[in-house]
Each structure stands twice: as C-alpha cells, then as structure tokens.
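**Student:** Quick one: structure below, then a few questions.
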Amino acid sequence: MRIGIIGAGQLGQMLGHAAADLGMQCTFVDPSEAPPAASCGDVIQAPFDDATALAKLARASDVVTYEFENVSVEALQEIRDRVPVYPPPSALRHAQDRLAEKLLFQSLGIPLPGFHPVDSREDLDAAVAAIGLPMVVKTRRFGYDGKGQVVVRNGSELDAAWQTLGDVPLIAEAWVEFDFEVSAIGARNTAGQISSYPLTRNHHEDGILRTSQAPYDNEALQDRADSYLRSLLQKLDYVGVLALELFVAGDALLANEFAPRVHNSGHWTIEGASPSQFTAHLLAISGADLATPEMRGFAGMLNLIGEIPDAARSLPAGSLHDYGKEARAGRKLGHITVVAASAAERDARLASIEQIVSKFNV
Ligand code: AMP
C-alpha cells in the first residue's frame, strides 16, 4: 500500500515509522529543505497546495492523508476523484473554522463554552453581553498552539483586543475556569468501525502542550467523551484518527476543538498502547480492521520545546523521540515517553524528567 502524506513534519515522521512497520511506502509533500519525515520516504518539495505536486502525490499513492490542518480544502477536493483522501476534506473544513466547528458541536448536542462570532468592534460589545467576561477572542482560522488569541478580562481591554486581532474574522468564547484538559482520541475506518483510546489528561503552558498522561481513569467522563467522539466521527463520515480536546470543569465536560489528524496528545500511544495512533490512522485509511487498543501500562509524555538538553539523551527511564528539527524558541523538537506499572510510578518518573529538562524548555 502506498500512502501519500501532505506535510513531512514530526507527525509525518511518526506516521512514516508506523507505515514502515506495516510494510507500507510513504511519499510526502512539504516545502522544507530537510523535513523530519525525509528519512521515511520520498519528499516532493513544493508548497502544500501546489496543484502539480498534489497531482504527482495522487499518482504515487493509493490513499492520501495529511498531517496538519492548514492544507487547502480546495486543493484536496481537486485530487479526490483520482485517489481517496482521508480524513474527508469536509472534516478539515470544519476544523479550520472555529465557528463552523462550534456550530457542529452544537448541532450534535456536544456541550461547549458560550461563543459569539465577531466581525466588527460592535460585535465585541455584543459578545460581552451574550457570554460575559472574561472571554477569549480567537481568530476563526489559522490559529494553533494558542496563537491568534487574546484574553479579555474587563471592558477596558476590548479596544486593544480589536487592535490586535480585528483585521480577520474572529470568535469570542467564554473563559472556562477548567480543572484540567483532556483529549479523546479515536479512529474510524472506511467500513465505519470505530476504536478509541482511554482519555488523555493534558497540561498546556502558554497555549502549548507540555505533558500528557493516560489513561485518565474516570468511567463517567470516558463514556461521555466517547459518545461525543463517536457522534463526531459518524456525522463527518470520518476516516482516520481524530482528536477531540475538552475542558473538565467540575461536572462539566466542554468541547474546545478537534483535530482531524494524529495528535500530539496521543504520542504516548507509540510506547503505551497497541496499536499506536499512527498505526491506527494507517489501518483506518487503508481499509483494514481496527482492533481495540490495548494499554501497555500507565503512560506519560513530555514535550521538548526550544531545545533538547543533553541530559534528555541519557535518562535512566523514558523513550526519547528527537524529530531532527533545528532548535528554535517555542518549537516542538521532540518528546519523551514513560510507561510504568502504576499511575503513581508514571507521575514520579515524569516529574523527575520534567525537572531535568524544564530549565531548558524555553
Ligand atoms: P486552542 O488553540 O483553542 O486549543 O487554545 C489553546 C489553549 O488555550 C487551550 O488548550 C487552553 O489551555 C486555553 N484556552 C483556549 N480556549 C479557552 C477557554 N475558552 N477558556 C479557558 N482556556 C482556554
């Protein structure tokens, strides 16, 4: 089976490793000189929406997928009659626009924070009246890792928020005093079979994921998250892995956003579960059966951001993944996974690794 992947970053690299284990060949499209996935297959060096490059990718592949969200939906539609493209471009269209995404959650009865579309300075006042303060104003499109977001705590900050973000369509969301964040990761294959992982508990700093722990054992939350995930997968006639990010606030479980792709909060599945999210994605899009993932223990993942310190290379416990990217402040360069026999042991190991590497994470 030949897999075409748009994007050759670290997610492409980890998909590439999983593909090799399954005996699949990968071809990538990516504009970078030496992207992380270059070691996993041929790279067509071109912009992600380059029609000629995508046509070439379609010819070289039995199925095409993508590893990040800023792919042009129209460019994907173009190659769709030549090769299956999964996840379906309509899912990507919803994920690319926070308003469409929230309306989708709403139509499925998935609880979410109050929101209000903002296209003018007056709309910001209307948003305050509708959802109250504090609120977070986000760009509707092209936001990631907390970029394109401003928190407004009182009315005097509205003008500044408008100055910062106002030249593109926006959405205001009620600020959620959440206890913590979780993600529900699952897959659906071409036959409609669904499998899902145990809930992952996530910790973000400055909008960037720092650590994940799984499983987050809570049957009631797990059931609710699974039902939301299932309804999304079915509604979108989805094929592949999808990650749904949620806030846990008291008894409430509120959807934040979904990613139509393998996800950073599922990296622990490489060592911590079988199949990994990368293998599950490939099985789903290639029409294979989806087995229920088996846990290999209690898993934790720590992102390496800005720099990979030498100490991270000689840890007594933990699997280091170095994406081979050039160091830059705020950039995800790698991650470390631990798998332990108990949650307490996992958390202790994660904490000691965090201490070793945290002073380098900038
Ligand atoms: P996002 O890009 O929407 O996933 O936002 C990045 C991170 O900012 C989230 O993972 C949360 O930690 C935080 N955040 C986003 N929206 C809200 C909200 N409505 N209330 C509280 N925190 C938020």
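**Student:** Which distance in Å, rounded to a whole number, links the C-alpha centroids of the range 3-78 and the range 290-362?
**Tutor:** A separation of 26 Å, based on Cα centres.
**Student:** For every other residue with a beta carbon closer than 15 angstrom to the beta carbon of Ile110, add +1 if it is Lys or Arg and -1 if Asp or Glu, then tell me the sum. Spell out each step's value before the answer.
**Tutor:** On the way: positive: Arg98, Lys102, Arg224, Arg230, Lys235; negative: Glu101, Glu173, Asp223, Asp226, Glu245, Glu257.
My count for the surroundings of Ile110 gives -1.
**Student:** Per residue, how much accessible area does the chain show when a 1.4 Å probe rolls over the protein heavy atoms, in square angstrom?
**Tutor:** Working: 14970 Å² over 362 residues.
Ligands and nucleic acids excluded, the result is 41 Å² per residue.
**Student:** Apply the Karplus parameterisation 6.51 cos²θ - 1.76 cosθ + 1.60, with θ equal to phi minus 60°, to every residue of the range 236-252 and state each ³J(HN,Hα) to the nearest whole Hz, in sequence, with x for glycine and proline.
**Tutor:** Result, rounded to whole Hz: 7, 6, 6, 9, x, 8, 10, 10, 9, 9, 9, 9, 9, 10, x, 7, 8.
**Student:** Using alpha-carbon positions, what is the distance between the centroids of the range 126-141 and the range 200-267, in Å?
**Tutor:** Comparing the Cα centres of the range 126-141 and the range 200-267, I get a distance of 23 Å.
**Student:** Using helices alone, I'd like the mean residue ellipticity at 222 nm for the chain: each DSSP H run of four-plus residues gives -39500 (n - 2.57), total over residue count, nearest 500.
**Tutor:** Numbers: 11 runs with 111 residues, N = 362.
Rounded to the nearest 500, the figure is -9000 deg cm²/dmol.
**Student:** What FRET efficiency do you get for Arg80 and Glu177 if R0 is 41 Å and r is their Cβ-Cβ distance, rounded to the nearest 0.05? Walk me through the numbers on the way to the answer.
**Tutor:** Values: r = 43 Å, r/R0 = 1.04.
The computed FRET efficiency comes out at 0.45.
**Student:** While we're here: Taking the range 47-129 as the region of interest, what is the percent of Cα-Cα pairs per 5 angstrom bin, listed from the shortest bin to the one with the maximum distance?
**Tutor:** 3, 13, 19, 16, 12, 11, 9, 8, 4, 2, 0
**Student:** Here's another thing I want to ask about it. Using R₀ = 35 Å, calculate the FRET efficiency as 1/(1 + (r/R₀)^6) where r is the Cβ-Cβ separation of Ala329 and Ala46; round to 0.05.
**Tutor:** 0.80
**Student:** If you take the charge dipole of the range 2-85 about its Cα centre, with +1 on Lys and Arg Cβ and -1 on Asp and Glu Cβ, which of Ala51, Ser61, Ala34 is farthest toward its positive end?
**Tutor:** Final value for the positive-end residue is Ser61.
**Student:** Name the shape class, rounded, prolate or oblate, that the alpha-carbon gyration tensor gives for the range 114-174, where a ≥ b ≥ c are the square roots of its eigenvalues, rounded holds for a/c under 1.5, and otherwise prolate holds if a/b is larger than b/c and oblate otherwise.
**Tutor:** rounded
**Student:** Now a separate question. Which value results when the Cα radius of gyration for the chain is divided by 2.2 N^0.38 Å?
**Tutor:** Working: Rg = 20.1 Å, N = 362, 2.2 N^0.38 = 20.6 Å.
Ratio of Rg to 2.2 N^0.38 Å for the chain: 0.97.
**Student:** Right, another one. Of the listed peptides 238-248, 85-95, what is their order by residue-averaged count of other C-beta atoms within 10 Å, with the highest listed first? Present the calculation step by step, with values, prior to reporting the outcome.
**Tutor:** Values: 238-248: 24.5, 85-95: 21.5.
For the peptides 238-248, 85-95, the packing ranking is 238-248, 85-95.
**Student:** So, counting K/R as plus one and D/E as minus one, what does the shell of residues with Cβ under 13 Å around Val71 add up to? If you can, show how the numbers build up before the last one.
**Tutor:** Numbers: positive: Arg80, Arg93, Arg141, Arg261; negative: Asp30, Asp49, Asp50, Glu67, Glu69, Glu74, Glu78.
Net charge in that neighbourhood comes out at -3.
**Student:** If you roll a 1.4 Å probe over the chain with all protein chains in place, what percent of the accessible area is carbon or sulfur?
**Tutor:** Working: 7150 of 14970 Å².
With neighbouring chains kept in place, the figure for the chain is 48 percent.
**Student:** Give me the distance in nm between label points sitting 7 Å out from Cα along the Cα-to-Cβ direction at Asp347 and Glu219, one decimal.
**Tutor:** Placing both labels 7 Å along Cα→Cβ, they lie 2.1 nm apart.
The values are calculated or read from the model by the stated rules, or taken from the named source; none is laboratory data. Quick caveat: nothing in here was measured; it's all calculated off a predicted structure. No Cβ is skipped: glycine too gets one built from the backbone with ideal geometry, and neighbour counts run over all protein chains shown. Ligands, DNA and RNA are stripped out before the accessible areas are found, and what is left, the full protein with its side chains, is counted by its heavy atoms. Shrake-Rupley method; radii C 1.70, N 1.55, O 1.52, S 1.80 Å.
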